[in-house]
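The values are calculated or read from the model by the stated rules, or taken from the named source; none is laboratory data. Treat the numbers as computed from the prediction; the structure is a model and nothing was measured. Reconstructed Cβ throughout: ideal geometry from the backbone, glycine too, with neighbour counts over all protein chains shown. We work out accessible area using only protein heavy atoms, side chains counted, and drop any ligands, DNA or RNA first. Shrake-Rupley method; radii C 1.70, N 1.55, O 1.52, S 1.80 Å.
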Amino acid sequence: MNKRKPKSVNALEELGLNRLSRSFCMRDFLYSEVSDFYGVPNIPDDPDLAIASGRKLCTELLEPLIAVFGPVTIVSGYRSPEVNDLCNKKRLNCASNEKNYAGHIWDRKDSEGNMGATASIIVHTLTDQDGGWQSLAWWIHDHLPYHSLQFFKGGGFNIQWRENPEGKIYSYIEPKGYLTRAGMENFEGDHSNHYNGSPDYP
């Protein structure tokens, strides 16, 4: 039976306690500064789809990262369409709703019918992420079934799971632009030369 959008505190607590993986429950991804500051509830319209997408993100991407690099902090996880739209209109570094379906908006499929989920995270054991983000990016590219990565100043990055993943990496840190994506010469093959020389990587 499909879960309906929570209409009470008890129902919201029940939603939050849904386990997504060994390390995470749904409530770990529901907090939003935009939601808190502007008083806009950050609650999924389709909890079943949000949970299913979140479980894939956690089990296929976040848990493997934790197993190798240790705990991560969730900076931004699920966003309701209302919260994401407000964030976009206030120019608070949120893309449009259409671009965030199957991204930060976990309970909407994208225009191609894919479900997906994004989290903005920090991996604390990698202390030089601004300068060494390419090493982490290539490690993820070689080891995990991600759809997209976006790296930002300050050590945080977006990691997205999506059905039919493309595997594309973009950076807002110098050198800005695509590190790789399908069609680029560096997309295929082994990239361990970018990270095996660092003690932080296996």
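Computing the accessible area with a 1.4 Å probe over protein heavy atoms, can you report the carbon and sulfur percentage for the chain?
Details: 5150 of 10590 Å².
Looking at the chain in its full context, I get 49 percent from C and S.
Report the FRET efficiency, 1/(1 + (r/R0)^6), for Asp142 and Leu17, where r is their Cβ-Cβ distance and R0 is 22 Å, rounded to 0.05.
Step by step, r from the Cβ atoms, then E = 0.05.
The calculated 222 nm mean residue ellipticity attributable to helices in the chain amounts to -8000 deg cm²/dmol, summing -39500 (n - 2.57) over DSSP H runs of n ≥ 4 and dividing by all residues. Taking a straight Cα-Cα cut-off under 18 Å and skipping sequence neighbours fewer than 8 places away in the same chain, the lysines within cross-link reach of Lys89 are Lys99. Taking amide H as placed 1.01 Å from N in the peptide plane, the amide H of Val75 sits under 5 Å from that of Ser120, Ile121, Ile122, each at least 5 places away or on another chain.
Surface analysis of the chain yields an accessible area of 52 Å² per residue, using protein heavy atoms and a 1.4 Å probe. Accessible area per residue was computed with a 1.4 Å probe on protein heavy atoms; Met115 scores about 30 Å². Measuring only protein heavy atoms, the 1.4 Å probe finds Thr125 accessible over about 70 Å².
Compactness of segment 74-168 is given as radius of gyration and Dmax, 13.5, 37 Å, from Cα positions.
Please identify the longest segment of the chain free of exposed trypsin sites (Lys or Arg not before Pro), where exposed means a DSSP state other than H, G, I, E or B and no more than 15 other Cβ atoms within 10 Å.
Details: sites that count: Arg4, Lys7, Arg22, Lys90, Arg91, Lys153, Lys176, Arg181.
It works out to 23-89.
Database note for the chain: Cys without another Cys beta carbon under 4.7 angstrom, Cys25, Cys58. Projecting label points 7 angstrom from Cα along Cα→Cβ for Asn193 and Lys99 puts them 3.4 nm apart.
Each label point was placed 7 Å from the Cα along the Cα-to-Cβ direction; for Ile122 and Arg4 their separation is 4.0 nm.
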